[in-house]
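Every read-out reported here was derived from the displayed coordinates using simple, explicitly stated rules and does not represent laboratory data. In this text, all values refer to a predicted model and were calculated from it rather than measured experimentally. All Cβ positions, even for glycine, are placed from backbone atoms using ideal geometry, and neighbour counts span all protein chains on display.
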Amino acid sequence: MDASDIAEWLRTSSRPAGKRGRRSILRFWDPDDYVRFLNALRTNPSGAESGFPRGVRKLSLIRAISCWAGSRELPPSLAGRAYWEEDCRVRVSALPKGAIVTDKGIPWGVKHIQAPLAWSRTTGYRVKVGVIDTGVDFEHPDLHHSLERGINLLQRMTLPQDDNGHGTHIAGTIAAANELQGMIGVAPRSTIYPIKAFDHNGSAYVSDIILGIEWCVRNQIDVVNMSFGMKTRSKSLLNAVSTAYRAGTLIVASSGNDGRIGDIDYPARYGQTIAVGATNQKNRIASFTNRSGLVDVYAPGDRIVSAWLKGKHREMSGTSMATSHVTGAIALLLAMKPELKPDQIKALIQSSATPLKNGKALRTAGELNVVRLLKAAEQL
């Protein structure tokens, strides 16, 4: 492989022309090829160190780069050594926003999964929870004691401040801790590490997600909430999810809100995640949730009250909201049994779930129940 020729080809082909919305991921099979390529890419034709071309991002977790789409025809020396894949857009998984609310306390979903019954034994203390989302409201009184700095992948030198609201809502359900004036989340003493990969519109590239997963693995995050979905399968994202799983970082993902039966979104569709569908207050599968035999567990996702921007609270629905309940429950579990591996946690989540009333849809999964989950873990 002539790494310098390939690097020069990339410099030429990756220059944005007209449309800036399309990106690609170039992934290498061989680690040595990847290293040689990076070294060549850092060096300009005169032999001096010049850094990466503008718009090129290194995805070390999967031996790849992300760049603006140009020529999709690989040079001959890359045949069989690398492949192109579209760097797709991904969106957060929530239905249109509900109303701002004043009633707070312990939301119905947190009560329904019986989290308060576990707080005398575990509150998620010191469990590291990554939330790859739109950021978080660092000034929110319900989250003030639950947050670490995290990272802003869109503007590296600034805090991952939420400019959408979705990430703050997710973080509140997981770890809010303001009993007197605000709300309580599922695991109020767990620690949220916000990873801002999504912009103010709730949109991100797959490469942003991969960078977020890479950050979580590098910082030894215990469990990662990924309340977003896409219809297209990405080999690069699957590789990142699988690498995290093997490293001991478990990812919880939402099944999607299209009401599809027999199909769910990626990355929840990958076997190395915990795929979550939503239920309503009638203990039934919510009409909006995607469902199939690939869903691992259902959890409250309809009319969920949680934290919002500017210190407020908002009611929202979606499999995003269901996913955050499961992430919080895993934080409770890991505070009590920190030695558990991702495959053990997934099996416990599945086996301890309670049956649901909805008999119309084909399913094998039940609904999350924290008390049953912790009891099952004690029997290991």
Query raised in the report: Against the longest principal axis of the chain, how steep is helix 206-218, in degrees 0 to 90 to the nearest 10, with axes from Cα atoms?
Result: 70
Requested in this report: Give me the distance in nm between label points sitting 7 Å out from Cα along the Cα-to-Cβ direction at R218 and A79, one decimal.
Outcome: 3.6
Report task. Once you have the Cα-Cα distance between L117 and K310, take 0.36 nm times their residue separation minus that, and quote the gain in nm to one decimal. Result -> 66.4 nm
Report task. Give me the net charge of Q281's neighbourhood, meaning all other residues with Cβ under 15 Å from the Cβ of Q281; Lys, Arg count +1, Asp, Glu -1. Result -> +1
Query - Amide H contacts of S203 (H built 1.01 Å from N, under 5 Å, at least 5 apart or other chain) - result: none
Report task. May I ask what percent, to the nearest 5, of DSSP beta bridges between residues of the stretch 91-378 are antiparallel? Result -> 30
Query - Exceeding the 26 Å Cα-Cα cut-off - candidates K346/K375; K97/K282; K312/K337; K104/K310; K111/K312; K196/K310 - result: K312/K337
Query raised in the report: Across 5 Å bins from 0, what is the distribution of all Cα-Cα pair distances for the stretch 79-147, in whole percents?
Result: 3, 8, 10, 18, 21, 13, 7, 5, 5, 4, 3, 1, 0
Query raised in the report: Contour minus end-to-end for Y125 and S60, with contour as 0.36 nm per residue of separation and end-to-end as the Cα-Cα distance?
Result: 20.3 nm
Query raised in the report: In the chain, with Lys and Arg counted as +1 and Asp and Glu as -1 at Cβ, which of these residues, G277, L250, L356, has the Cα nearest the positive end of the dipole, that is, farthest along it?
Result: L356
**Report entry** Sorted peptide list for 253-261, 328-336, criterion being average Cβ within 10 angstrom, highest first
**Finding:** 328-336, 253-261
Query raised in the report: Put a dot 7 Å past each Cα toward the Cβ at T354 and D199; how far apart are the dots in nm?
Result: 4.3
Query raised in the report: So what's Rg/Rh here for the stretch 232-355, counting alpha carbon atoms and using the Kirkwood radius for Rh?
Result: 0.98
**Report entry** Sum of side-chain charges, S190 neighbourhood, beta-carbon under 15 Å (Lys, Arg +1; Asp, Glu -1)
**Finding:** +2
Query raised in the report: Magnitude of the Cβ-charge dipole of the chain, K/R +1 and D/E -1, about the Cα centre, nearest 20 debye?
Result: 560
**Report entry** Cβ crowding within 10 Å averaged over residues, with 307-315, 167-175 ranked highest first
**Finding:** 167-175, 307-315
Report task. Run the quick spin-label model on K375 and D343: label points 7 Å from Cα toward the beta carbon, then report their separation in nm to one decimal. Result -> 2.7
Report summary line: With Cα coordinates, the longest principal axis of the chain makes an angle with the long axis of helix 235-247, in degrees rounded to 10, of 60
Report task. Tell me which residues come under 5 Å, amide H to amide H, from V224 once H is placed; ignore anything under 5 positions away on its chain. Result -> G130, L250, I251, V252
Query - Base-10 log of normalised Debye intensity for the stretch 91-378 (one unit scatterer per alpha-carbon) at q = 0.10, 0.13 Å⁻¹ - result: -0.42, -0.74
Report summary line: Per the rule of 0.36 nm per residue minus the C-alpha distance, extending E139 to R156 adds in nm 4.2 nm
Query raised in the report: So for M316, M157, fewest C-beta neighbours within 10 Å to most, what's the order?
Result: M157, M316
